[in-house]
Amino acid sequence: MHVRMQRLNHKPLTYKIEVSSDKAVDAYVRVFLAPKHNHLGEEMDMNDRRHLFVEMDRFPYHVQVGKTVIERNSHDSSIVAPTPDSYRTFWKKVTDAVEGKTQYYIDRSHNYCGFPKNLLLPKGQKGGMAFTFYVIITPYVKQDEHDFEPYDYKSFSYCGVGHGRKYPDDKPLGFPFDRQIRSKDFNTPNMFFKDVYIFHKKLDEVSTTTH
C-alpha cells in the first residue's frame, strides 16, 4: 500500500526591478510580501501590518549609472532551502546502500535550514487575494572580506551564517520593518510598492507550461 500526501506549491515566478541611479554602486535588494487586508476585508495601515511582511529574497547587486533592470527568478531566492528527498527516495537510497548496490553518504554541508521553497508564495484564494509586493534598495556595506564566499550563505537571513562569521549586512534584523512606521514618511525613492493578487488553483486547473 502506498500513501501519497499532496502539498501546496506554486508556479515559478520572475520579477523585474527597474532602478535609476546617478552613479554606479553596490546595492542590497530586499523583497517582501504582505497581505493588504485584515480578516474583515479592511485595508490595513502600514504600521499595523509591518510584522506581517515576510522576506522573500535578499541579494547584493551592482547597479550601473542610469537605468538598470534586475531580473530575478523565485528559484534564485536566498531565503529558501533545497527541497529534501521524499521519504520514498530516502528509503530507496538507504535500502540500496544496505544491499551493497550503492553507497549512501550523509552530506553534512547540505543546508537543511531555510524557508520551504514550495511555500515561498502564500496560498491565496480561488478568486484572488490581495497582497503588497515591496522592494527596498540600500547601499551594500561590506562586513567581511568573504561576505558571501567561500561559503554559500543560503537562507542566512533566517538561519545565520555560522560560528566565527560576520553577518553580511549592516542593517538590523527585520529592516525596514524593525521599528514603528509613519505611513506618510515611509515611502522614499529607494522603495517600491505594488499591489498583486495570488490565485489558488487545483493542479488540474493549472497549465503545465512554465515561464
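The values are calculated or read from the model by the stated rules, or taken from the named source; none is laboratory data. Being a predicted model, the structure only gives us computed values, none of them experimental. For neighbour counting, all protein chains shown are included, and Cβ atoms are generated from backbone atoms with ideal geometry for every residue, glycine included.
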Check: Do the conditions hold for Pro168, that is, is it within 27 Å of Leu13 (Cα to Cα) and modelled with pLDDT of 85 or more?
Finding: no
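Are any residues in the stretch 7-60 over 21 Å from the mean Cα position of the chain (by Cα) and not acidic (Asp, Glu), and if so, which ones?
The answer is Ser20, Ser21, Lys23, Ala24, Val25, His37, Asn38, His39, Leu40, Gly41, Met44, Asn47.
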Check: Do we have any residue at all in the stretch 83-102 that's of a type in the set (Lys, Arg), surrounded by 13 or more Cβ atoms within 10 Å (Cβ to Cβ) and under 21 Å from the mean Cα position of the chain (by Cα)?
Finding: no
Notebook entry, point to check: Val80: at pLDDT 85 or above, at negative phi, surrounded by 10 or more Cβ atoms within 10 Å (Cβ to Cβ) and among the hydrophobic types (A, V, I, L, M, F, W, C), yes or no?
Noted result: yes
Checklist line | Selected residue (criterion: modelled with the lowest pLDDT) from residues of the stretch 1-53 that are surrounded by fewer than 11 Cβ atoms within 10 Å (Cβ to Cβ) and among the hydrophobic types (A, V, I, L, M, F, W, C) | finding: Met1
